[in-house]
1. Rounded to the nearest whole Å², what accessible area per residue is found for the chain with the 1.4 Å probe?
2. Convert each backbone phi in region 85-101 into a coupling constant with the Karplus relation 6.51 cos²θ - 1.76 cosθ + 1.60 (shift: θ = phi - 60°), then list the ³J(HN,Hα) values in order as whole Hz, x for Gly and Pro.
3. For n ≥ 4 DSSP H runs only, could you compute -39500 (n - 2.57) per run for the chain, divide by its residues and tell me the 222 nm figure to the nearest 500?
4. Can you give me the P(r) profile for region 25-118? Cα pairs, bins 10 angstrom wide beginning at 0, each as a whole percent.
5. Using a 1.4 Å probe over the heavy atoms of the protein chains, calculate the carbon and sulfur portion of the accessible area of the chain as a whole percent.
6. Tell me which residues come under 5 Å, amide H to amide H, from Asn75 once H is placed; ignore anything under 5 positions away on its chain.
7. Quick check: pseudo-label points 7 Å beyond the Cα along Cα→Cβ at Leu86 and Ala47, how many nm apart are they?
Amino acid sequence: MDTAPASDRPGDQRQRDRSSYAEVQASAEFGELRGAHRSFAFPLTIAFVSWYLLYVLLSNYADGFMGTKVVGHVNVALVFGLAQFLTTFLIAWWYSRHAAAKLDPRAEAIRSRLEERP
């Protein structure tokens, strides 16, 4: 026979957790956190994908331009290709700074309040 109080049963705890998470998700603070993430990530993603597609299109349809020598045997295509790697690392660095400054403190505050609940 189960001697634990009704409020201590695993199913009840899961239900409380679900309602707590739903409450947090519906809060204005969580909406602001999500908005801060989206306002940074979406435009940057669109910009990077556009930059990548430009590289692919130029590689396929602008042979003369991409084959233009820049220095010695280094051509525009090689410079653009290496720039893809550079921009990838720059975006990752920039996002990590943004997350540390703007997203992580907000997320930590939400998490702390959620963990304080009984």
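1. Accessible area per residue, the chain: 75 Å².
2. In residue order, the calculated couplings are 5, 4, 5, 4, 5, 5, 5, 4, 5, 4, 5, 5, 5, 4, 4, 5, 7 Hz.
3. Per the formula, -26000 deg cm²/dmol.
4. All Cα pairs, binned at 10 Å, distribute as 14, 31, 22, 16, 11, 6, 1 percent.
5. On the way: 5730 of 8880 Å².
Its accessible area is 65 percent carbon and sulfur atoms.
6. Hits under the 5 Å cutoff: Val70.
7. The modelled label-to-label distance comes out at 1.5 nm.
The values are calculated or read from the model by the stated rules, or taken from the named source; none is laboratory data. Predicted model only: the values in this text are computed from it and were never measured. Backbone-built Cβ (ideal geometry, glycine too); neighbour counts: all protein chains shown. Surface accessibility is based on the protein's heavy atoms, side chains included, excluding ligands, DNA and RNA. Shrake-Rupley method; radii C 1.70, N 1.55, O 1.52, S 1.80 Å.
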